[in-house]
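Accompanying notes for the structure given below.
The values are calculated or read from the model by the stated rules, or taken from the named source; none is laboratory data. As the structure is a prediction and not an experimental result, all values here were calculated from the model. Cβ placement follows ideal geometry from the backbone for every residue including glycine, while neighbour counts extend to all protein chains displayed. For the accessible areas, the whole protein counts, side chains as well, though only heavy atoms, and no ligand, DNA or RNA atoms are used. Shrake-Rupley method; radii C 1.70, N 1.55, O 1.52, S 1.80 Å.
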Amino acid sequence: MLIAGVGGQGTILASDILAEVGLQCGYDVKKSEVHGMSQRGGAVESHVRWSDKVYSPQIETGKVDFLLGFEMLEAARWAKVLAPGAVVLINRHRVSPPSVNLGMETYPGEGEIEKIISNRGGLVHWVEGTGIAQELGNQTLAGVVLLGRLSLMLDAPEEAWLSTISRLVPEKFIDLNVLAFKAGRKIFEAKGESICETSVS
Amino acid sequence: MKKLMTGNEAFALGAYLSGAKVGTGYPGTPSTEILINFARYPGVYAEWSPNEKVALDVGVGAAYSGSRVIVTTKHVGLNVAADSLFYASYTGLKGGLVIINADDPEMHSSQNEQDNRYYAKFSKVPMLEPADSQEALQFIGTAFEISEAFDTPVIVRTNTRLSHSKSVVEVSGEDGSKADPEEVSTRDEAWYERNIPKYVMVPGFARRRHPVVIQRLEKLADYAETNPINQILPGNGKLGVITAGVAYQYAREVFPDANYLKLGMVYPLPVDLVKKLADQVERVVVVEELEPFIEEHVRLLGIPVSGKEVFPRCGEFSPEKVRGSAAKAGLVEVSSPDGSVGITAQLPARPPMLCPGCAHRGIFYALQRVRAVVFGDIGCYTLGALPPLSAMHTCGCMGAGVGVVHGVDKVGVKDRTVAVIGDSTFFHSGIPPAINVIYNRGISTIIILDNRVTAMTGHQENPGSGRTLQKEGVKQVNIERLLRGIGFDKVDVVNPYDFAEVLRVLKDHLDADEPSAIVARYPCVLFTRERKPSCTVDLEACNQCGNCLRIGCSPISKVADGVSIDPALCNGCGFCAEICPRKAINASGGNAN
């Protein structure tokens, strides 16, 4: 599983939760990210792997089963690593890079992003992560909304997610994070989409 | 119980469990978190020293007195500490001294990707290299045993991938976060054993120590043959892989059936184990990031081996890089899929940039306006080199800019020239070149960007912060008094958000015919979490001149009828309002006042 976003979006907390849930479910787990520049608005990505035995902390190109795009452009950027049939959850949220702010380049449209991902064999699911998070009063909860939606596609019980969130999040924010997580599950269940993916890299 | 830990967390726990009582270092990605974590354990002393050389000397002193010590540094920090590494190798130490050195293949946050395994060979000290967090924890214990048994400093080498990845570690204790006190090694009380011929490296004594160091290496080579830190792993007898560290993990995925010599100790190398592996297989390859360090040793043994003609010498490895290289060389049949197929769109890049509200922005905008040539340094402010500010013209290493500007000024360059250096970098290695400007009759201007914290590596304390690593309140080093004490007669302190004042002082200093210094002081707003109401744009007044876009602040973007400021990102510092000629931007409470 790969999480792609922009510094400050909470990708490290999300990847920590994802890794701890895997460990709790009995998998060997590795997670990897490079965060030297993350606070300065640069792109950040986290690799999380669950398996019986994990060697490489980085996922090989072509073996990413789930891509969580915390930001639309970053989701498109990581289309290159997807496995055929990979699930791509994209938070409908845009953070313009400097060249777009200056009017020198254009930000790709939603249709273009979908096309980039489907060309690489990925299946796009848009999630109103930031929208829901804003309703809950804190934009940085968007990542946990995405985790909620992802949780229904993975072979891990809801209890494992909730206990991990409670353990990793500062005490006064636990309730909000649990609400965001459940909201992510709910929008997915309401749509009645089938849940079949369980293999993970 | 099983616990997920980063490599850096595991190093810290390993040091604590081994009974290390002292930890020293200077912050540097990716090594910083080792000391931060170590400092939290009970009964330890940990400090951020002003630079890596000081850190190593402090560590040596504690180890001379019998304490177990870790010293942490990034790879280029060991350049700064190299002088001390070499004498410590000759003298040896009473307590164990383990230097945890973090390389940065790919230069994720560094100026080069030097391979510090050569420091082990150069200084004649052993080097260990773990491959995951479990080994990170265990190897620290082994390193202390080696250090004390062989009377030598030991370097444990990590890299960005290992330091910042999490993997599973077996820990004991209630919740795994606190070690069982009974498990922690206890040490005797500190005392200094006087031994002038061993510890005073004047030529006569040092000549006696060099043969001891050579003999030590020979004994260490024997140790490398028998200690289980180096392992031969069985395979199908076709391909034999020699590897170490994170490269081992990639190799295991690409060559699942190979025989392995997995090295935990990368210097000195176990010659017999290398020969034994070579006898078991048809072909030997070395999988190692960066330089052909192991490969060169194997070649010297007369064993046919492939290494850098197959795998790249530049950059970090990844599974697809190793597999792709192996496929080209015919070592495996199938390469990883080509990630570029089907992607035609050119997506806008997202480089890091100065944070919204950053105090450095005002200085670089002013330097751009006066068309100064800027000799820079290493820190957040190096981002001032990127467009649209583009206001830094050199950056080599910590402390370089102040020396470089003096050299430029000495040959009579006609441009306005200035050195820019951060507070932590000034304390690190900016003071001797500042003394040099005075001593050698220079005329250079130095700007110290003083945000009261070592920001780039994640806000570590420094001698100007008023706090230590272990959060004790202390005296702040007064930069302007220090400069005056050196001999700078022209010293001014400015608020970097007050653009008119910055411009006035800057022009005054640049045009002065004497050495001068400007301290641009404002505490890092990201660290103090200072945030004011977002700035807003009056589109009626805006004439789309584009000045505010040229300060490179991410909340400000160009829209059809002017500019827009994203309230979710804006810090409210008000610098854009300061420089708007039409007064079209409103800041309710900027930082200029």
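Remarks
- Remark on region B:329-343: accessible area falls by at least 30 square angstrom from chain-alone to full-complex state for B:337, B:339, B:342, B:343, probe 1.4 angstrom.
- Assigned charges on the beta-carbon of Lys, Arg, Asp, Glu; the protein assembly as shown dipole about Cα centre (debye): 1440 debye
- Shape class for region B:536-586: rounded, because the ratio a/c of the largest to smallest gyration tensor axis (alpha-carbon atoms, square roots of eigenvalues) is under 1.5.
- Scanning chain B for GluC sites (Glu not before Pro) lying in DSSP loops with no more than 14 further Cβ atoms inside 10 Å, the longest uninterrupted stretch between such sites is B:1-173.
- Taking every protein chain into account, the accessible area of chain B amounts to 40 square angstrom per residue (probe 1.4 Å).
- For region A:2-190, carbon and sulfur atoms together expose 51% of the accessible surface, with a 1.4 angstrom probe and every protein chain in place.
- Protection proxy ranking of B:75-82, B:403-410 - average other beta-carbon atoms within 10 Å, highest first: B:75-82, B:403-410
- Element breakdown for region B:2-226 at a 1.4 angstrom probe: carbon and sulfur atoms account for 54% of the accessible area.
- Rounded percent of accessible protein surface that carbon and sulfur make up, region B:410-464, 1.4 Å probe: 57 percent
- Student exercise, region A:2-190 dipole from Lys, Arg, Asp, Glu Cβ charges, in Debye to nearest 20: 220 debye
- MRE, 222 nm, helices only [DSSP H, n ≥ 4, -39500 (n - 2.57), over chain A, to nearest 500]: -11500 deg cm²/dmol
- Rounded accessible area of residue B:564 (nearest 10 Å², 1.4 Å probe): 50 Å²
- Loop-resident trypsin sites (Lys or Arg not before Pro) (DSSP state other than H, G, I, E or B) in region B:185-239 with no more than 12 further Cβ atoms inside 10 Å of their Cβ: B:194.
- Accessible area in the full protein assembly, largest first, 1.4 Å probe, for B:142, B:243: B:142, B:243
- Most positive-pole-ward Cα, A:147, A:133, A:67, against dipole of region A:50-201 from beta carbon charges: A:67
- Peptide A:22-33 shows a mean partner chain C-beta count of 4 within 10 Å per residue C-beta.
- For region A:2-190: accessible area per residue (Å², 1.4 Å): 36 Å²
- Whole-Å distance, taken between Cα centres, linking region B:220-274 and region B:93-113: 22 Å
- Computed [θ] at 222 nm, helices only, for chain B once each DSSP H run of length n ≥ 4 contributes -39500 (n - 2.57): -10000 deg cm²/dmol
- Furthest towards positive pole of dipole, A:58, A:82, A:102, structure part region A:2-190, Cβ charges: A:102
- For region B:450-520, the list of trypsin sites (Lys or Arg not before Pro) that fall in a loop by DSSP and count at most 13 other C-beta atoms within 10 angstrom reads B:471, B:475.
- The order of B:118, B:192 by accessible area, most exposed first and with a 1.4 Å probe, is B:192, B:118.
- Solvent exposure, largest accessible area first (probe 1.4 Å, DNA, RNA and ligands not counted), of B:99, B:438: B:438, B:99
- The magnitude of the dipole of chain B, with charges of +1 and -1 set on the Cβ of Lys/Arg and Asp/Glu and taken from the Cα centre, is near 1000 debye.
- Per residue of peptide A:92-103, the mean number of Cβ atoms on other chains within 10 Å of the residue Cβ is 6.
- The residue among B:342, B:505, B:230 whose Cα reaches farthest toward the positive pole of the charge dipole of the protein assembly as shown, with charges on the beta-carbon of Lys, Arg, Asp and Glu, is B:505.
- At the residue level, residue B:511 shows approximately 100 square angstrom of accessible surface with a 1.4 angstrom probe and all protein chains present.
- Per-residue average of Cβ from other chains inside 10 Å of B:568-577: 1
- Overall form of region B:496-554: oblate. Here a/c, set by the Cα gyration tensor axes a ≥ b ≥ c, is 1.5 or more, and a/b is not larger than b/c.
- Cα centroid separation, region A:121-189 to region B:415-460 (Å): 46 Å
- Solvent-accessible area lost on pairing A with B (1.4 Å probe, both sides summed) amounts to about 4600 Å².
- Burial of 40 Å² or greater, region B:251-281 residues [accessible area, probe 1.4 Å, versus chain by itself]: B:252, B:253
- Each residue of region B:429-436 was assigned a 3J(HN,Hα) from its phi angle through the Karplus curve 6.51 cos²θ - 1.76 cosθ + 1.60 (θ = phi - 60°); the sequence is 7, x, 6, x, x, 5, 4, 4 Hz, with glycine and proline shown as x.
- Hydrodynamic radius of the protein assembly as shown by the Kirkwood approach over all distinct alpha-carbon pairs: 28.3 Å.
- Hz values of 3J(HN,Hα) by residue in region B:76-93 - Karplus curve (6.51, -1.76, 1.60), Gly and Pro given as x: 6, x, 5, 4, 5, 8, 4, 4, 6, 4, 6, 6, 5, 5, 6, 7, x, 8
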